[in-house]
Structure formats: C-alpha cells, structure tokens
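> Okay, here's the structure, questions in a sec.
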Amino acid sequence: MNAVIPIFRIFDEAKMREFYLDYLGFSVLFEHRFDGSLPLYVGVQLAQCELHLSEHHGDATPGSAARFAITDITGYQQGLTAKNYRYYRPALEKQPWGMDMTILDPFGNRLIFSESN
C-alpha cells in the first residue's frame, strides 16, 4: 500500500471551492462527473496529503474526520488567520504528542492538522 485517501461528503461545489481551495490552499488533482447534471467527485491535494470530496450520497458520511501530519503548524495557522476568512479562525491546541489544529469544513467534516513533538 502507498497511501490512504479519505473521502469527505460535500453538498455545495461553490462552498467547497471557497473553503478547500481558496481558504485552506488545496489544489485540484482531478474532477469527475458522469454528466453535467450529476454529482461532483473531486480530488484535492495540499503538500503530500490527498483528499477526495464527493457529492454522491453513498460515498461518505457527513461528520467524518481525517488527521493530517504537518510541519510548521504555527506558520500554517498564522497564514489561515491572515486570510480573514469570515467563517473560521482556527486555534492551536497543545496535546501530549504535539500541537493540533482542528478545522470544521462547511459540511461538518473535521480536518485535524497535527504536528508531533
């Protein structure tokens, strides 16, 4: 096995792009629809972390979570805060293993960015 790729359920393409691409800084790897009127399935990437986002009701459960190993969590948090995103101001949380930053997406999914000691 080479990688685990979480799938998160999404409900609104415009909100997904605003949050994942504009705010968090992910880039699109691919987009797929069986035709123009059907749900979107998209792969996004931030550094070496890949995530799939799906409008298909059977692909994932709203409220899922994924943990992303990160270096320089403080710098990433400061960069996000500097964007003045109107819906979120993430905070760092000291943990026994290092530092975490949990961010809820607009669809109820949790992205946990974690830097180990």
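Read-outs throughout are calculated quantities, based only on the coordinates presented, and are distinct from any laboratory measurement. Everything quoted here is computed from the prediction, not taken from an experiment. Note: ideal-geometry Cβ built from the backbone for every residue, glycine included; neighbour counts use all protein chains shown.
> Post the alpha-carbon centroid distance, segment 1-41 to segment 43-79, in whole angstrom.
Measuring centre to centre over Cα atoms gives 10 Å.
> Another question about this same structure. Could you grab the relative contact order for the chain? Cα pairs under 8 Å, six or more apart, rounded to a whole percent.
25 percent
> While we're here: With charges set only on the Cβ (+1 for Lys and Arg, -1 for Asp and Glu), what does the dipole of segment 7-116 come to about its Cα centre, in debye to the nearest 20?
Dipole about the Cα centre, nearest 20: 300 debye.
> Hey, another quick one. For a protection proxy built on the mean count of beta-carbon atoms within 10 angstrom, sort 17-23, 69-75 highest first, please.
17-23, 69-75
> Still on this structure, I have one more. Once you've got the GNM for the chain with C-alpha springs shorter than 10 Å, pick whichever of Pro96, Pro106, Pro39 has the biggest mean-square fluctuation.
Pro96
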